Amino acid sequence: MRALLLPLPLLLVAAYPVSGSARRRQAERSQSPSPSPPAPLGASVPFWVRLSPELVAVAPGRSVWLNCSTSCPLQARYSLSTQLRRGRTATGPGWVSYELVNVTAWSSIVHCFATCAGETRQATARINTYKPPRSVILEPRVLTGGRYTLRCHVTHLFPVGFLVVTLRRGGRVIYFESLERFKGLDLANVTLTYTFRARPSYLWQPVTCHARLNLDGLVVRSSSAPVILTALDWSPESKALASTSIAAFVVILLAVGATSLRRCLAMRPRGLCSAC
Ligand SMILES: *[C@@H]1O[C@H](CO)[C@@H](O)[C@H](O)[C@H]1NC(C)=O
Ligand SMILES: *[C@@H]1O[C@H](CO)[C@@H](O)[C@H](O)[C@H]1NC(C)=O
């Protein structure tokens, strides 16, 4: 599970906090493998419910397993609330695992309800489908003042927080940027602007831009067509500048397609994301 996505309030498991140290101790005891004595009927039993993973990204049309577990010292009753199609289930002491099949909705909330000694609590998870970039485009380089400026556009991808953009020159990585800090749950366009000093040795070298979505083990890659570095503006002035510094400058721009996604969701609540 990606820690970077955890601060989103929607993704917090709705396990109600147990108040008081005595209750906490009781809750801890109930997690231990030795069976706890059953609580007297009618008494409130402190327990938590967990649905894990709390956030999972799947390719559209794939299946996913969600595990609902409780600390209920008694035999809990479980139920799952979801718009997604259910598949197999597996059970064990204190947990039930549910398979959800053919996940095509952009983003779905799943609730698990567990009833323990007459009290019902719930936990929540979110299942997102991901969308590989529609395109990765490297704009022709611009040469000004002895510097190349490269602009790489990665369009219509999701989720952007799992994206790594890499620039290669002559096969060598010259820059990479992880967009983990962008936590939006919307389709996004990302533009990376990279500026570096022109050097004679860069002449005729192909530069490519690579987008990689790294989704908990599943890696989706797309690359741009190469751009060749040519036409060096090798004036004496830029030559002098080039020898003083090789600093590179990077700007990341993020355009989030919140409105278009919302419109799309309204039109096709369970549609394939590629249709958006
Ligand atoms: C479900 O979660 C429980 C508690 O964390 C664990 O003991 C069990 O092995 C899990 N089951 C599956 C199928 O992952
Ligand atoms: C993303 O890029 C595509 C293609 O360039 C464009 O049609 C779309 O309007 C852009 N979306 C946003 C939110 O900027």
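Observations on the model:
- Residue within region 145-154 that is aliphatic (A, V, I, L, M), farther than 29 Å from residue 58 by Cα and in a strand (DSSP E or B) present: yes
- Residue 63 being of a type in the set (Ser, Thr, Tyr), open to solvent by less than 40 Å² (accessible area, probe 1.4 Å) and part of a strand (DSSP E or B): no
- A single entry from 52, 71 fulfils the requirement of being within 13 Å of ligand 1 (Cβ to nearest atom), modelled with pLDDT of 95 or more, open to solvent by less than 20 Å² (accessible area, probe 1.4 Å) and among the polar types (S, T, N, Q): 71.
- Candidates 57, 90 - the one that is at negative phi, exposed (fewer than 15 other Cβ atoms within 10 Å of the Cβ) and in a strand (DSSP E or B): 90
- Filter result (among the small types (Gly, Ala, Ser) and over 28 Å from residue 132 (Cβ atoms)) within region 189-225: 198, 201
- Region 156-181, residues that are more than 16 Å from ligand 2 (Cβ to nearest atom) and in contact (Cβ under 8 Å) with a residue 60 or more places away in the chain: 161, 162, 169, 174, 175, 177, 180, 181
- Any hit, region 179-188, residues being at positive phi, crowded, with 18+ Cβ neighbours inside 10 Å and at pLDDT below 95: no
- Hits in region 102-155 (condition: closer than 23 Å to residue 69 by Cα and without any contact (Cβ under 8 Å) to a residue 60 or more places away in the chain): 103, 108, 110, 115, 120
- Filtered by the rule that a residue be within 15 Å of the chain's Cα centre (by Cα) and polar (S, T, N, Q), region 157-188 gives a lone residue, 178.
- Evaluation of residue 168 against (1) open to solvent by 30 Å² or more (accessible area, probe 1.4 Å); (2) under 30 Å from residue 65 (Cα atoms); (3) in a strand (DSSP E or B) (one fails), failing number: (2)
- Here residue 136 clears all of (1) more than 16 Å from ligand 2 (Cβ to nearest atom); (2) surrounded by 19 or more Cβ atoms within 10 Å (Cβ to Cβ) except the condition numbered (1).
- Any hit, region 104-120, residues being in a strand (DSSP E or B), surrounded by 16 or more Cβ atoms within 10 Å (Cβ to Cβ) and within 16 Å of ligand 2 (Cβ to nearest atom): no
- Yes/no for residue 146 being open to solvent by less than 50 Å² (accessible area, probe 1.4 Å) and at positive phi: yes
- Identity of the residue in region 180-197, over 22 Å from residue 225 (Cβ atoms) and in contact with a strand residue (DSSP E or B) (Cβ under 9 Å, 6 or more places away or on another chain), that ends up farthest from ligand 1 (Cβ to nearest atom): 197
The values are calculated or read from the model by the stated rules, or taken from the named source; none is laboratory data. Because the structure is predicted, anything quoted here is derived from the model rather than measured. In this analysis, Cβ positions are derived from the backbone assuming ideal geometry, glycine residues included, and neighbour counts consider all displayed protein chains. The accessibility values were calculated without ligands, DNA or RNA, using every heavy atom of the protein model including side chains. Shrake-Rupley method; radii C 1.70, N 1.55, O 1.52, S 1.80 Å.
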